[in-house]
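See structure below.
The values are calculated or read from the model by the stated rules, or taken from the named source; none is laboratory data. All values derive from a computational prediction rather than experimental measurement. Counting neighbours? That spans all protein chains shown, and the Cβs are built from the backbone with ideal geometry, glycine included.
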Amino acid sequence: YVSPVFSGFQVEALYGFGGVAGATGSGRTYSFGAAYGTGPLSLGAGYFYANGGNTLTNGLRTWTSSSDSLFNTVINSGFASARSIQIAKVGGQYVIGAATVGAAYSNTQYGSDAFSAFRETAKFNNGSVFFNYQFTPALRAGVGYNYTSLTGPSSAHYNQVNLGGDYSLSKRTDLYALFGYQKASGKTLNSSGATVNAEASVGDFGVSSGSNSQDVAAIGIRHKF
């Protein structure tokens, strides 16, 4: 459900049935969010919950194919047997002339039970800030910083810096360049539940060959149809 916009305020809600006879909570998903925008100020908040169901592989929970992309990096792949996932996030941005500044905070928790490879709730706290500037009607650029900490069954920290630029050739075509660098430290869990050194992974670009740092650069052209 998506509500109409009332004086800049809008809400959304979702519920997905688990589809397990006699166990309505098994595999279910629900979320809700709210947004508010007026003039230069935009605010948003949301909550997401998913239950992992009771499908087991070698005694450990296996999530369905529709949700397994939630665990596609080394940062959280050690919690792929979680009983549940819940994510709460708030964020906002403010436009000052040609500049836009913003910040966000989220808390992610992976719950465990007897069918999980870990026994203590894993908590990821994430904070980010960014600054964008519109130099000309065609050119804009931005910089951002993101910090993530893991507590619970292990302790790890991830620091990431991002840079980006976009240049419009026309209303439908633009050029872009992006760069990201991440540094990881501490310990985390692998998919078997063993404690390992934290590895860097920018987005879903893959593992940095066992390294605790990774940088990614991309340039491209985009055309909107």
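Structure notes:
- Taking every residue in the stretch 5-18 that is more than 17 Å from Y49 (Cβ to Cβ) and pairing it with any residue that is surrounded by fewer than 13 Cβ atoms within 10 Å (Cβ to Cβ), at least 6 positions away or on another chain, the pairs with Cβ-Cβ distances below 6 Å are G8/T38; Q10/S3.
- A45 fulfils the conditions (1) touching a strand residue (DSSP E or B) at 6+ places or on another chain (Cβ under 6 Å); (2) closer than 28 Å to N212 by Cα; (3) among the small types (G, A, S) except for a single criterion, (2).
- Close contacts from the stretch 154-172, counting a first residue that is closer than 25 Å to A184 by Cα and a second that is surrounded by fewer than 14 Cβ atoms within 10 Å (Cβ to Cβ) and of a type in the set (K, R), with Cβ to Cβ under 9 Å and a gap of 6+ residues or different chains, come to S154/K187; S155/K187; A156/K187.
- When every residue of the stretch 11-32 is checked against the conditions, at least one turns out to be more than 30 Å from A184 (Cα to Cα), modelled with pLDDT of 85 or more and charged (D, E, K, R).
- Meets criteria (of a type in the set (V, I, T), under 26 Å from S192 (Cβ atoms) and either crowded, with 16+ Cβ neighbours inside 10 Å or touching a Pro at 6+ places or on another chain (Cβ under 7 Å) (or both)) for T62: yes
- Verdict on S128 being free of Cβ contacts under 8 Å to residues at least 12 places away in the same chain, closer than 23 Å to A99 by Cα and either in a strand (DSSP E or B) or small (G, A, S) (or both): no
- Filtered residues of the stretch 166-191 (kept if more than 21 Å from G206 (Cβ to Cβ) and among the basic types (K, R)): K171, R172
- In the stretch 169-199, the residues that are buried (at least 16 other Cβ atoms within 10 Å of the Cβ) and among the polar types (S, T, N, Q): Q182, T188
- Condition broken by F71, with the remaining ones in (1) crowded, with 18+ Cβ neighbours inside 10 Å; (2) farther than 18 Å from G193 by Cβ; (3) of a type outside the set (S, T, Y) satisfied: (2)
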